[in-house]
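Student: Structure in structure tokens, see below.
The values are calculated or read from the model by the stated rules, or taken from the named source; none is laboratory data. In this text the structure is predicted, and so the values were computed from the model without any measurement. Every residue, glycine as well, gets a Cβ built from its backbone with ideal geometry; the counts of neighbours run over all protein chains shown. Just the protein is used for accessible areas: all its heavy atoms, side chains included, with ligands, DNA and RNA removed. Shrake-Rupley method; radii C 1.70, N 1.55, O 1.52, S 1.80 Å.
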Amino acid sequence: MAAQLPLPPPPPDPQFVLRGTQSAVHALHFWEGAQGQGHPLLLSGSLSGLVHIWSLQTRRAVVTLDGHGGQCVTWLQTLPQGHQLLSQGRDLRLCLWDLAEGRNTVVDSVHLESMGFCRGSILAGGQQHWTLAVPGRGSDEVQILEMPSKTSVCTLKLEADAKPGMPMCLELWQADSSPRPLLLAGYEDGSVALWDISERKVCSHIACHTEPIIGLDFDSQKARGVSGSAEKALAVWSLDEQQALQVCSTHKLTNPGISDVKIRPDRKILATAGWDHRVRVFHWRTMKPLAVLAFHSAAVHCVAFAADGLLAAGSRDQRISVWSLYPRR
């Protein structure tokens, strides 16, 4: 009788689950530098317009922020300096919160020109200054602002005959070899463009998907990125020394629809948020599938990694699952 192959181990359970948003979870971000905390806090943004700040020790929300008039919160990002948080909402407002010493007040806001689901992106510069990319006034434009002055740096728009549609996701970054800020933008037509912001020019523009790109992430050390769309595939693409993008490979998925994709900070694994209620984990170098996390009962909207490797996933089922997978060495 032929020896039976051992069954693969069952996928793990979440380390714990956070409940209490009372609304679908659309944004997640780990806040590593919280005052007096030896461990990160987890920030979540919900369909009801609230931002919850969770203690991972007590597994309860310690603060609730209400700054978006009941409109969905789509993006959360803490600033490297001080205790400041950016929250973006479908109320066309980007709020800057002061969270130092127990405060939770909106100290400034930026009026957004676009109603879409495109999340902003920041690039921290000097001690007090940072660059912000947000969707622009024209449906196919990206606006670059110098913050906190809100000075307009430029508007980035592809040639008229390109017809990329709306920007769907943005990623500001800097190469180690150059101080020039660069922007990766994923568009409604499934293409990815690389912009040189200083020169106001597009360096490269390639087709990656046949459907709108909904999430992308970029590994600047390996000059490789990954994107997900409404279709049944992930695309992996790279950037050469001439700043030309090229598609390396595509990876078929069981079901269509990726809402978010994140590479872990140690660049070993990546996670995707699926419309099919699943979180999928891949080895980043080889793209080998490692795990399918089937906990949620509705679409997963967002995923986030902490510096220590903890993974969080937020879903339309109003729950946040927190996972410890493939611990960092």
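Student: How big is the charge dipole of region 20-112 about its Cα centre, in debye rounded to the nearest 20, if each Lys and Arg gets +1 on its Cβ and each Asp and Glu gets -1 on its Cβ? Please list the in-between numbers first.
Tutor: Values: 5 positive and 6 negative charges, 49 e Å.
That gives a dipole near 240 debye.
Student: Can you sort ARG280, ARG285 by 1.4 Å-probe accessible area, starting with the largest?
Tutor: Numbers: ARG280 35, ARG285 165 Å².
Reading off the accessible areas and sorting them downward yields ARG285, ARG280.
Student: Right, next: What's the carbon and sulfur percent of region 164-206's accessible surface, probe 1.4 angstrom, rounded to a whole number? Walk me through the numbers on the way to the answer.
Tutor: On the way: 760 of 1630 Å².
The C+S portion of the solvent-accessible surface of region 164-206 is 47 percent.
Student: Using a 1.4 angstrom probe, figure out how much accessible area the chain has per residue, in square angstrom, rounded to the nearest whole. List each step's numbers first, then the result.
Tutor: On the way: 14980 Å² over 329 residues.
Counting only protein heavy atoms, the per-residue value for the chain is 46 Å².
Student: Separation of region 142-194 and region 26-97 by C-alpha centroid, Å?
Tutor: Cα centres, region 142-194 to region 26-97: 24 Å.
Student: Whole number please: convex hull volume per residue, Cα atoms of region 174-329, in Å³. Mind dumping the intermediate values first?
Tutor: Working: hull volume 18.0 nm³, N = 156.
Dividing the Cα hull volume of region 174-329 by its residues yields 115 Å³.
Student: Then there is this: Please list, by residue number, every one of the trypsin sites (Lys or Arg not before Pro) in region 186-244 that is coil in DSSP and has at most 14 other beta-carbon atoms within 10 Å. Don't skip to the answer; put the middle values down first.
Tutor: On the way: sites: ARG200, LYS201, LYS222, ARG224, LYS232; in loops: ARG200, LYS222, LYS232.
Passing sites in region 186-244 are ARG200, LYS222.
Student: What is the extension gain from VAL247 to VAL63, computed as 0.36 nm multiplied by their sequence separation minus the C-alpha to C-alpha distance, in nm to one decimal?
Tutor: Values: separation 184, 0.36 × 184 = 66.24 nm, distance 4.27 nm.
Gain in length upon complete extension: 62.0 nm.
Student: Could you sort LYS157, LYS252 by their accessible area in this structure, using a 1.4 Å probe and putting the largest first?
Tutor: Details: LYS157 105, LYS252 170 Å².
If we order LYS157, LYS252 from most to least accessible, we get LYS252, LYS157.
Student: Taking the Cα centre as origin and putting +1 on Lys and Arg beta-carbons and -1 on Asp and Glu beta-carbons, what dipole magnitude results for the chain, to the nearest 20 debye? Please list the in-between numbers first.
Tutor: Details: 30 positive and 30 negative charges, 195 e Å.
Dipole about the Cα centre, nearest 20: 940 debye.
Student: Follow-up. Cross-link candidates for LYS268: which aspartates and glutamates have Cα within less than 14 Å, leaving aside residues fewer than 8 places away along the same chain?
Tutor: In chain and number order, the partners are ASP217, ASP219, ASP308.
Student: For a quick check of understanding: with a 1.4 angstrom probe and all protein chains in place, what accessible area in square angstrom does VAL106 have, to the nearest ten?
Tutor: My reading of the accessible area for VAL106 is about 60 Å².
Student: Okay, next question. Lysines near LYS232 by alpha-carbon distance under 19 Å, same-chain residues fewer than 8 away left out - which ones?
Tutor: Cα-Cα hits under 19 Å: LYS252, LYS262, LYS288.
Student: Next up: Per the 1.4 Å probe, what fraction of the accessible area of region 20-112, in percent, lies on carbon and sulfur atoms?
Tutor: Numbers: 1640 of 3710 Å².
Here carbon and sulfur together make up 44 percent of the probe-accessible area.
Student: Per-residue accessible area for HIS52 at 1.4 Å probe radius, Å² rounded to 10?
Tutor: For HIS52, the solvent-accessible surface is approximately 10 Å².
Student: Starting from the Cα coordinates of the chain, work out the convex hull volume and express it per residue in Å³.
Tutor: Measuring per residue, one finds 146 Å³ for the Cα hull of the chain.
Student: Then there is this: Excluding residues on the same chain fewer than 8 positions from LYS201, give the lysines whose Cα lies under 21 Å from its Cα.
Tutor: LYS157, LYS163
Student: Let me ask something else about it. What is the magnitude of the charge dipole of region 139-256 about its Cα centre, with +1 placed on the Cβ of each Lys and Arg, -1 on the Cβ of each Asp and Glu, and no other charges, expressed in debye to the nearest 20?
Tutor: 140 debye
Student: Carbon and sulfur: what percent of region 245-329's accessible surface (1.4 Å probe)? Walk me through the intermediate numbers first.
Tutor: Numbers: 1790 of 3630 Å².
Accessible surface attributable to carbon and sulfur in region 245-329 totals 49 percent.
Student: On a 1.4 Å probe surface of the protein chains, which of CYS203, CYS248, CYS72 comes out largest in accessible area, and what is the full order?
Tutor: Values: CYS203 40, CYS248 75, CYS72 10 Å².
In descending accessible area the options line up as CYS248, CYS203, CYS72.
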